[in-house]
Structures are given as C-alpha cells and as structure tokens.
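Novice: Before I ask anything, let me first share the structure, which is written out below as structure tokens.
No lab work stands behind these numbers, since they all come straight from the coordinates. Every value quoted in this text rests on a predicted model; they were computed, and no experiment measured them. Cβ: placed from backbone, ideal geometry, glycine included. Neighbour counts: every protein chain shown.
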Amino acid sequence: MALDPRLLEILCCPLTRQPLHMLDAKRLAALNAAITAGGVKQTDGLALNQPWKEGLVTDNGTRAYRIDDGIPVLLADEAVELLHVPGAEPRAA
C-alpha cells in the first residue's frame, strides 16, 4: 500500500527532522535479508525478527522507519540505522 503523496510531503524523521522518502525495493530487500539473517536491531537494541513490507528512509539514507498496514511507525526507538546493513547503507555522495 503506497502512502498518500500529500502525507509523504509532510513526514519527517522525529530525531533529525530530515524529510522521509519511501525505501526503494533494492534497499528494502537488503534490509529484509539482514533481518532474516538476524543482524538487525532497532535503535532501542531489540533485534528485528519480521521482515518489513514497506519503509521510509531519511534524506541522507542513514535511518529507516517501518510502515505497518499503511501507517508509518515514526518512533525513534524503533528506527533502524542503515549504516551497517549491507546493501541498504547510505549511498556515497
């Protein structure tokens, strides 16, 4: 389920206030592979054990938030840092 474009225009990271964008399919697949392998934790330290269907990523590509049933979960403790997720890390500028 795609987010309403008007909603996407106003969403921002609760920590950095950076705009959020949909997590593209390639990076989502890399994140889900890492989740399946048991190598992903939320910011609060809890390990993820369920793959994401959709996600949002900050403008700089370092932090992601899941979308559950079309609802963005913008809780800082449940964010995922993408810096060490192979294939999902931020692109070089």
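Novice: Which angle from 0 to 90°, rounded to the nearest 10, does the C-alpha axis of helix 25-36 make with the longest principal axis of the chain?
Specialist: It is inclined by approximately 40 degrees.
Novice: While we're looking at this one, here's another question. Name the trypsin sites (Lys or Arg not before Pro) in segment 7-76 that are in a loop by DSSP and that have at most 16 other C-beta atoms within 10 Å, would you?
Specialist: Working: sites: Arg17, Lys26, Arg27, Lys41, Lys53, Arg63, Arg66; in loops: Arg17, Lys53.
Here the trypsin sites (Lys or Arg not before Pro) that fit, given the DSSP loop and packing criteria, are Arg17, Lys53.
Novice: On to the next question. Using unit Cβ charges (K, R positive; D, E negative) and no other charged atoms, how large, in debye to the nearest 20, is the dipole of the chain about its Cα centre? Can you show the working numbers first?
Specialist: Values: 9 positive and 12 negative charges, 49 e Å.
Value, rounded to 20: 240 debye.
Novice: While we're looking at this one, here's another question. Given H placed 1.01 Å from N in the peptide plane, which residues other than close sequence neighbours of Glu54 have an amide H under 5 Å from its amide H?
Specialist: Placed amide hydrogens put Ile67 under 5 Å from Glu54.
Novice: Going 7 Å from the Cα of Ala33 toward and past its Cβ, which residues in segment 58-92 have a backbone nitrogen under 20 Å from where you end up?
Specialist: 61-65, 80-92
Novice: How long are the semi-axes of the equivalent ellipsoid of the chain, defined as square roots of 5 times the Cα gyration tensor eigenvalues? Whole Å, largest first. Kindly include the intermediate steps, with their values, before the conclusion.
Specialist: On the way: eigenvalues 72, 40, 34 Å².
Value: 19, 14, 13 Å, ordered largest first.
Novice: Ok, one more. Check which residues have an amide H placed less than 5 Å from Arg63's amide H, if you skip close sequence neighbours.
Specialist: Thr58, Leu82
Novice: Around Asp4, with a cut-off of 15 angstrom between Cβ atoms, what is the net charge of the other residues, counting Lys and Arg +1 and Asp and Glu -1? Don't jump to the answer; show the numbers that get you there.
Specialist: Details: positive: Arg6; negative: Glu9, Glu54, Asp69.
For residues surrounding Asp4, the net value is -2.
Novice: Sum -39500 (n - 2.57) across every DSSP H segment of at least 4 residues in the chain, then divide by the residue count to get the 222 nm mean residue ellipticity, nearest 500. Don't skip to the end; give the middle numbers.
Specialist: Values: 2 runs with 18 residues, N = 93.
Only helices count here, giving -5500 deg cm²/dmol.
Novice: I need the phi-derived Karplus couplings for segment 60-74: 6.51 cos²θ - 1.76 cosθ + 1.60, θ = phi - 60°, integer Hz, Gly and Pro marked x.
Specialist: Computed from phi, the couplings for segment 60-74 are 8, x, 8, 9, 10, 10, 7, 10, 10, 6, x, 10, x, 9, 9 Hz.
Novice: Could you give the length gained on full extension between Leu83 and Thr43, defined as 0.36 nm per residue of separation minus the Cα-Cα distance, in nm?
Specialist: 13.2 nm is the gain from fully extending Leu83 to Thr43.
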